[in-house]
Amino acid sequence: MQAPEADLALLCDAVQDAGEIAMRYWRHKPEHWDKPDNGGPVSEADLAVNERLDSLLRGARPGYGWLSEESADTVERLSAARCFIVDPIDGTRGFINGEDTFSIVAGIAEGGRMIAGAVWLPALKRLYSAHSDGPALYNGTPVRVSATSNPHGARVLTTAPNMAASHWPGGVPDLKRSFRPSLAYRMCLVAEGRHDAMITFRPAWEWDIAAASLIAERGGARVTDAGGGPLRFNRPDPRANGVIAAPPALHSALMARALAPS
């Protein structure tokens, strides 16, 4: 079995290689369509990037499982000791619209936990990465979460619907809200300390959060589902019950408002 740092090196090389394919389509009007059952948009770029990642990653680690937004899921991954969890383009809608904050995301899970993750923003030349025994890195330099502990004025990445009073029985926090289309990028911005927290109360697919959750954790964040429970990966149903990522003290303060009094 490969060491986590060796697996991380593979991921970093693969996402940057696949990012070159994404850039060939970006702002060149790629063909796109909507997935069935309100599954969101997908483009020809998503499929081309997915094919490249599949070739690079499974070609190098044929015994690993595979879970990707753009591949048919199979039960074989559940019995694999390690599993790739991939989002070929996170932020597809923004990518189609020519926005520059889309990302190429790849991680590896073992025993339900992430051991390596890489998030590459090819249009911005930003690489976020971490393995389970090392720091969170931004373009190779260690980064840490902010020291913010008070929700008042905290810089939080979330959507307007997440600020509905129904989500905050303890009172809606007076925070400074902003947004980025890529969920993985939002978590990396928390790891980097450029934003204090990210929140989504909607169910989150593993491919959107797996790699970046490790990066945020290794940067010092507490990362849980929306109820404060631990995140687990490579599950039969690859969805989490929302995500909250923040420095530990701020995470506790947010959870005190989000959780109904017992």
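Any read-out appearing in this document is the output of simple, stated calculations on the displayed coordinates, not a laboratory observation. Computed from a prediction, not measured in an experiment: that's the story for all the values here. All Cβ positions, even for glycine, are placed from backbone atoms using ideal geometry, and neighbour counts span all protein chains on display.
Need one number: nm distance between label points at Arg177 and Asp100, each 7 Å from Cα along Cα→Cβ, rounded to one decimal.
2.7
Using θ = phi - 60° and the Karplus curve 6.51 cos²θ - 1.76 cosθ + 1.60, what whole-Hz ³J(HN,Hα) does each residue of the stretch 230-244 get, with Gly and Pro shown as x?
Result, ordered by residue: x, 8, 10, 10, 6, 9, x, 9, x, 9, 9, 7, x, 8, 10 Hz.
Taking Lys125 as the anchor, which lysines have their alpha carbon closer than 26 Å to its alpha carbon, excluding any fewer than eight residues away along the same chain?
Lys29
Based on the mean of other Cβ atoms within 10 Å per residue, sort peptides 151-157, 173-179 so the most packed one is first.
151-157, 173-179
For the residue pair Asp73 and Glu44, what label-to-label distance in nm results when each label sits 7 Å from Cα along the Cα-to-beta-carbon direction?
Taking the two extended label points, one gets 2.9 nm.
Could you work out the relative contact order of the chain, using alpha carbon pairs under 8 angstrom and six or more residues apart, expressed as a whole percent?
Relative contact order comes out at 18 percent.
What nm value, rounded to one decimal, do you get for the distance between Lys29 and Arg232 when each label is placed 7 Å out toward the C-beta?
Computed distance between label sites Lys29 and Arg232 equals 4.9 nm.
Given (1) 39, 19, 16; (2) 65, 29, 17; (3) 28, 20, 18, which label gives semi-axes √(5λ) of the Cα gyration tensor in Å as computed from the coordinates?
The listed entry that was calculated here is (3).
Quick one: which of 125-132, 78-85 comes out on top by average Cβ neighbours within 10 Å, and what's the full order, highest first?
Output ranking for 125-132, 78-85: 125-132, 78-85.
Between Ala81 and Ser55, 0.36 nm times their residue separation minus their Cα-Cα distance comes to what?
Going from the current span to full extension adds 7.4 nm.
Sorted by mean Cβ packing within 10 Å, highest first, what order do the peptides 113-124, 224-235, 242-253 take?
Averaged packing, sorted descending, gives the order 113-124, 242-253, 224-235.
Going by the alpha-carbon gyration tensor, a ≥ b ≥ c the square roots of its eigenvalues, is the stretch 4-142 rounded (a/c under 1.5) or, if a/c is not under 1.5, prolate (a/b greater than b/c) versus oblate?
Oblate, since a/c reaches 1.5 and b/c is not below a/b.
Taking θ as phi - 60°, what are the ³J(HN,Hα) couplings along the stretch 129-138 by the Karplus curve (6.51, -1.76, 1.60), each to the nearest whole Hz, with x for Gly and Pro?
Calculated HN-Hα couplings, in order: 7, 6, 10, 5, 10, x, x, 6, 10, 10 Hz.
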